[in-house]
Amino acid sequence: MYKIEIEPRVFHFKQPAGTSRGVYTERKSWLLHLTSDEMPGRKGVGECAPLPDLSCDATPEFEKTLNAVCERFCQEGKINYQMLRPYPSILFGLETALLNLERGDVLFDTPFTRGEAGITINGLVWMGSYEEMLARIEEKLEQGFHCIKLKIGAIDFEQELDMVKRIRDRFSRREVELRVDANGGFKYEEALYKMELLSQYAIHSIEQPIKPRQWGYMAQLCRDSPLPIALDEELIGVNMPEMKAQVLNIIKPAYIVLKPSLHGGIQGTREWVEIARDKGIGSWITSALESNVGLNAVAQLAADIYGTGSKVMAQGLGTGQLFTDNIPMPLEVRGEKLFFK
């Protein structure tokens, strides 16, 4: 017999986190505290953290849905994956809580969770003024990051190009890998031109250049772009395996970027990775501004899927230091790697 206590939490950003969709100053999450009569003295914790105006399950009815799902889970004693496909953040929280209850702190046994290896992560540079972004880039380079991810699309594009040029003037592509994320901020008519300008600076990839749900336009850009394109927001709400395959068949991106809270929880993320691999499409995993509870689960999943070797692409897991009031977890960033202590 399972019992779940739902704890709403609000986390506060140390600095406003800017994207082309707006600026975040706080983050609301719901923590699931799971216990079982069959495992006295143990507790599992999971995090449900839908992103407003982005997650497919971030609706005004979210709390009501979450309560109903938790009640049904406690009655049935198992996760109904088919029913929960439209609710990825709830599914992710339940999966994490159940694994945590059953397995303890180590959700997946890997060199990462054994403390033998760290996960290489990208240094994330949020949107801000030109001066702010330049200072953040310098900070990430000084910290030893060899993969920098720039959020673009908010300030003047010429200034963003100048920032990219400054990095390339100092570091070759072998020294620093550059990724850019437009968060759907380009208009289709200008996207190809902007990507051609960016391509002269040896960019690894660009995430979601135009808004999602324009499959024809996105497929055309993937065909014509000199830059490899990675899909992110495009994958939100695409929950059935046959639809996942269809999206990738039509658009044919170079990469997909997976956030378990948005893209189907733990099981749905594994599904995306396998479908993409079968089509020769690369992938990596990032957190979605969860607290350390969610970040810990995402990091352990990334290590389980991709491993921790030198050839593994940098993952987007550097969000644990964003909040003033985060929950302590056995995670530590040292240089460009995330470690499980």
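The values are calculated or read from the model by the stated rules, or taken from the named source; none is laboratory data. Quantities reported herein were computed from a predicted structural model and do not represent experimental measurements. Every residue, glycine as well, gets a Cβ built from its backbone with ideal geometry; the counts of neighbours run over all protein chains shown. For accessibility, only protein heavy atoms count, side chains too; no ligands or nucleic acids. Shrake-Rupley method; radii C 1.70, N 1.55, O 1.52, S 1.80 Å.
Structure above, values below:
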{"read-out": "Search result, residues across the range 197-247 that are part of a loop (DSSP other than H, G, I, E, B) and aliphatic (A, V, I, L, M)", "value": "A202, I203, L227, I236, V238, M240"}
{"read-out": "Out of L31, L94, sole residue that is within 22 Å of L258 (Cβ to Cβ), surrounded by 16 or more Cβ atoms within 10 Å (Cβ to Cβ) and touching a residue at least 24 places away in the same chain (Cβ under 8 Å)", "value": "L94"}
{"read-out": "Number of positions in the range 84-136 that are part of a helix (DSSP H, G or I) and either modelled with pLDDT of 95 or more or closer than 24 Å to A299 by Cβ (or both)", "value": "18"}
{"read-out": "So I236, is it under 17 Å from Q82 (Cα atoms) and in contact with a His (Cβ under 8 Å, 6 or more places away or on another chain)", "value": "yes"}
{"read-out": "Single unsatisfied condition, Q75 versus (1) under 21 Å from the mean Cα position of the chain (by Cα); (2) open to solvent by 30 Å² or more (accessible area, probe 1.4 Å); (3) of a type outside the set (K, R)", "value": "(1)"}
{"read-out": "Number of the condition not met by E175 [criteria: (1) in contact with a His (Cβ under 8 Å, 6 or more places away or on another chain); (2) over 29 Å from Q220 (Cα atoms); (3) open to solvent by less than 10 Å² (accessible area, probe 1.4 Å)]", "value": "(3)"}
{"read-out": "Number of positions in the range 104-157 that are within 17 Å of P16 (Cα to Cα), touching a strand residue (DSSP E or B) at 6+ places or on another chain (Cβ under 8 Å) and aliphatic (A, V, I, L, M)", "value": "9"}
{"read-out": "Flag for E271 being under 27 Å from Q15 (Cβ atoms) and not aromatic (F, W, Y)", "value": "no"}
{"read-out": "Scope the range 141-158; condition buried (at least 20 other Cβ atoms within 10 Å of the Cβ) and not in a loop (DSSP other than H, G, I, E, B); matching residues", "value": "C147, I148, K149, L150, K151"}
{"read-out": "Count of the range 188-212 residues which are open to solvent by less than 30 Å² (accessible area, probe 1.4 Å), in contact with a Pro (Cβ under 9 Å, 6 or more places away or on another chain) and among the charged types (D, E, K, R)", "value": "0"}
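Quick grid of which residues meet (1) of a type in the set (K, R); (2) modelled with pLDDT under 95; (3) out of contact with any Pro (no Cβ under 6 Å at 6 or more places or on another chain):
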site: Q214; (1), (2), (3): no, no, yes
site: M218; (1), (2), (3): no, no, yes
site: V238; (1), (2), (3): no, no, yes
site: Q246; (1), (2), (3): no, no, yes
site: V257; (1), (2), (3): no, no, yes
site: P260; (1), (2), (3): no, no, yes
site: D304; (1), (2), (3): no, no, yes
site: T308; (1), (2), (3): no, yes, no
site: G320; (1), (2), (3): no, yes, yes
